[in-house]
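Every number in this text was worked out from the coordinates using simple rules, so none of it is lab data. Remember, it's a predicted structure, so these values are computed and weren't measured experimentally. Counting neighbours? That spans all protein chains shown, and the Cβs are built from the backbone with ideal geometry, glycine included.
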Amino acid sequence: MADVEKLQGELSELLLVEDPDAGLAWAEETLKGDIGVTDFFNLVFTPAMAAVGDKFGRMEIFLPELMDAADRAKRISEEVLQPMMAASDSDQELIRGKIVMASVKGDLHDIGKNMVVLMLRVNGFEVFDMGVDVAPRDILDKAKEVEADIVGLSSLMTTSMPYMKECVELRNGFGLKGNFSVIVGGAPITAEYTAEIGADSFGKNAVEAVERCLALLDRPAIE
Amino acid sequence: MQKIDRLLKVIDKVYSGPIVNEKEFDHQNVAAGVARVIEKYQIAFNKEQIIQSDDKLIDRVWEAAIDFLVGCGIYHTDTQRLIKFSRQEIKAALTAAPSDVTIGLGADARQFKTRQVEDPRPPLVGGGPIGTPLSEDQYVPIMQSYFQEPILDIVVPGTLATSYGRQVRARSPLEVIASWQEVDLVQEAAAKADRTGLSVMGVEMAMSDLGHLSAISRGGYRPEDTHIVALISEMKTNNDLLNKAAHSLRQEGVILGFYNPILGGLGGGAEGVAVLILAGWLAMHLIYLPTSVESCPTHPFLSNSTTPDIMRAISVVGAAVSRNSHLLSEFMTSPVSGPGTESLLFECVAMATVVSACGASRALGVRSGVGVVENHCTGLETRFNGEVAHAAAGLSRTQADEIVRQAIEQYKPVMDQKPVGIPFSAAYDTEIMQPTRAWLDTYEQVKGEVINWGLPME
């Protein structure tokens, strides 16, 4: 059996090196060895991406590196893992959940939200990023369209926070409470506010947002 | 050239610049652009110091920022076009920018002037809750606690947690109503403190152009107040913001452009943050034609401005502006700690010392508890922040650096805990509008300690 810890370390490094194709070539070569695609995904690929996310959480790398790593991981998934899994008839899920993310109406801040998006992506989520200043109804429609598991709402301003409440009210009003959870975040958001508006969870920062999303889906944290 | 002519040329660019995908702008223009100039100009800060004192490095950061801005441009999110400027246009904007303006009225009027690195002339002092949510019943007393501080040369209000009992929604009639309520309550607080001429920086409730255009008009904020227009992180603007600038230019108002890059964001570490602040400030001078510029770079997880890396960037930006231009500059103290805590005061010591010693024109603070905990702010911390800024004027950067590093040692262990302290009602005796004995004792104790470190506070 392959040394998965060694492989995890190698891949997490290759996702951050200058050569954008290094990780892809390495994954192709590694999968020619004695590790199957399902084990590779669960024991190497997913933990390696989580390790990159952890580096960002410790500020050992910054957003541009995280963006590059997320792009490279996506290529490995689409160009190597998905075709192999399709060929092997595997029922392995390649995504841990679908999330619609948006900065709510009136809020133009996008960097914090983008950090959460990237952290979710490197942790195996499929994220539909709607951008900034997004109206509650548009968010709801998107969640229905993509059959989201979670809707993530960001607001850095008290004057935009009421639109988080509107999103939750719309979801509940249209009878969609059982369809997706709502997680909220941003500097002024607290646990009390989250409970007050009926949202399901909140994350203080990008690292915690990933933990909370995994918890919402009843998924274990990646070791 | 008249300001309106300059603004019209900016608007022409908004509708004629190259169309670019926003994600491509983030990746190629900003992230890759910053990385390019950091390598080209060999920018690396000395990690042994907070206050960087290598003037050749500082001047290279200035050159890097201009180079970056010429290549990057400013992204207009409504038209998805790039607003680009040449070196000649940047130079012309630098020449046209004021170096000395009057803010406020009558006895409360102040001269806002450019300063030099290690300048013995103290910076102006700005203060207030700075966007911290305040409950309606506490709004006037909290604002009064700032207006009554003689050291303040300008006041920055808090935001209203509710307006007439309703949660305020951006881009709704409630934004207009809340913006006017801000004006009314600020004027009431100023009258109680007998400082109605003091310049007020607003409109804090104007999250869109609606609040700005309504509350800066007859009976509202005056031309002598300070009208805020932001640049979106990173390097972006839109019509809402240009509407604000157009309106305030027509009002002949004092305009402040602010821009808060994120540490660890598209610019990367401290070096990238320094490049972005400078480029953003120059960009605002090109598109908004402000009187002055301000920044509160933000930590991605703590949301404060008092981490060592951020203060390294600020030390470089302050010095770079002072050495290479006559722009009026300002930085904000945004600590994790709140009222009643020693750590809040030590965070003020660190930031206000950096700002003052490195040549900023004005020291702004204190956005206690990073401005997110309702009513957690008082006038006393702003007094302290201002006193530190005054005391640090004239210190050498080496002397200042020693004080800053000692201050960081005091609050660094508790930063992750975010000690937000106590609310205004517990920190002040509102009958006499003075800090409680306990809060005042903490203030006196920390003041005594930093005097022993060599900071010449009165």
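3J(HN,Hα) along region B:191-199: 5, 4, 8, 6, 9, 5, x, 5, 5 Hz, from the Karplus curve 6.51 cos²θ - 1.76 cosθ + 1.60 with θ = phi - 60°, whole Hz, x for Gly and Pro. Near B:P308: Cβ cut-off under 13 Å, other residues only, Lys/Arg at +1 and Asp/Glu at -1. The net charge is -1. Shown in residue order for region B:20-25 are the 3J(HN,Hα) couplings computed by the Karplus curve 6.51 cos²θ - 1.76 cosθ + 1.60 at θ = phi - 60°: 9, 5, 4, 5, 5, 4 Hz (x for Gly and Pro). Each of A:E93, A:E13 was scored by other Cβ atoms within 10 Å of its Cβ. Arranged with the fewest first, they read A:E93, A:E13.
For chain A, a simple Cβ point-charge model (Lys and Arg +1, Asp and Glu -1, everything else neutral) yields a dipole of about 880 debye relative to the Cα centre.
Simple rule: put +1 on each Lys or Arg Cβ and -1 on each Asp or Glu Cβ in the protein assembly as shown, find the dipole, and look at B:P413, B:Q148, A:V17; the Cα lying farthest toward the positive end is B:Q148. Annotation: amide H of B:L328 within the under-5 Å range of B:V293, sequence separation 5 or more or interchain, hydrogens built in the peptide plane.
Against the empirical 2.2 N^0.38 Å (N residues), region A:52-176 has a Cα radius of gyration ratio of 1.18. Which residue, B:N46, B:V61, B:T291, has the largest displacement toward the positive end of the dipole of the protein assembly as shown when charges sit on each Cβ (Lys, Arg +1; Asp, Glu -1)? Most positive-ward Cα: B:T291.
Backbone amide hydrogens, once placed in the peptide plane, bring A:F128 within less than 5 Å of A:I99, A:V100, A:M101, excluding anything fewer than 5 places away on its chain. Output the relative contact order of region A:4-87, whole-number percent, from Cα pairs under 8 angstrom with separation of 6+ residues. Once divided by the residue count of region A:4-87, the mean separation gives 42 percent. Excluding A:D107 itself, calculate the net charge of residues whose Cβ lies under 10 Å from the Cβ of A:D107, where each Lys or Arg counts +1 and each Asp or Glu counts -1. Combined, the nearby Lys, Arg, Asp and Glu give 0. The mean count of C-beta atoms from other chains within 10 Å of the C-beta of residues in B:157-165, rounded to a whole number, is 1. The charge dipole of the protein assembly as shown, taken about its Cα centre with unit charges on the Cβ of Lys, Arg, Asp and Glu (plus for the first two, minus for the last two), comes to roughly 1940 debye. Taking Cα centre as origin and charging only the Cβ of basic (Lys, Arg, +1) and acidic (Asp, Glu, -1) residues, the dipole magnitude of region A:3-131 rounds to 600 debye.
Charged neighbours of B:L241, selected by a Cβ distance under 11 Å, balance to -1 (K, R count +1; D, E count -1). Ordering B:V349, B:G280, B:S305 by Cα displacement along the dipole of region B:270-359 toward the positive end leaves B:G280 in first place; charges were set at the Cβ atoms of Lys, Arg (+1) and Asp, Glu (-1).
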